[in-house]
1. List the pair-distance distribution P(r) of the range 2-101, using every Cα-Cα distance, as the percent of pairs falling in each 5 Å bin from 0 up to the bin containing the longest distance, rounded to whole percents.
2. Longer than 24 Å from Cα to Cα, which of Lys15/Lys68; Lys32/Lys81; Lys5/Lys87 are they? Say none if no pair is.
3. What relative contact order, as a whole-number percentage, does the range 2-101 give when Cα pairs under 8 Å and 6 or more residues apart are counted?
4. If I model a spin label at Glu17 and Phe98 as a point 7 Å from the Cα along the Cα→Cβ vector, what separation in nanometres do I get?
Amino acid sequence: MKYTKTKGEEKEAAKKELLEGIKVMEEQLGNKPYFGGDNFGFVDVALVPLFYMFYTYAFAGKFIDDEKYPTITSWARRCIKKNSVSKSIPQEAIVKRFLEENGLLHRGD
């Protein structure tokens, strides 16, 4: 949350910390489709809402993408295909509209 509530150097430090966390998630996921291996499990369920928040930051700050973080973004797409996940998070268009209405879309540095 520090990323959204800070500016300048403090914002850059928060961004770096967030991206380091995503890198750790990528390393832990490795080549597995889900954090528990072949099956969608507890860790995935716990991380989907957190990653969705990161995904929102990607819209606002344009710094989480397939090129930089292919493992975690692929994992997120696999999770979104799960009916239980897709029904429990807002649709991308709704998130974008919210960000636009609140002046947050593409504002990040």
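None of the figures in this text is laboratory data; all of them are computed from the coordinates on show. What you see is a predicted model, and the numbers here were worked out from it, not measured in a lab. Using ideal geometry, Cβ is built from the backbone for each residue, glycine included, and neighbour counts are taken over all protein chains shown.
1. 2, 12, 23, 23, 20, 13, 5, 2, 0
2. Numbers: Lys15/Lys68 14 Å; Lys32/Lys81 16 Å; Lys5/Lys87 29 Å.
Pairs exceeding the cut-off: Lys5/Lys87.
3. Numbers: 60 pairs, mean separation 21.4, N = 100.
RCO, the range 2-101: 21 percent.
4. Those two pseudo-labels are separated by 2.3 nm.
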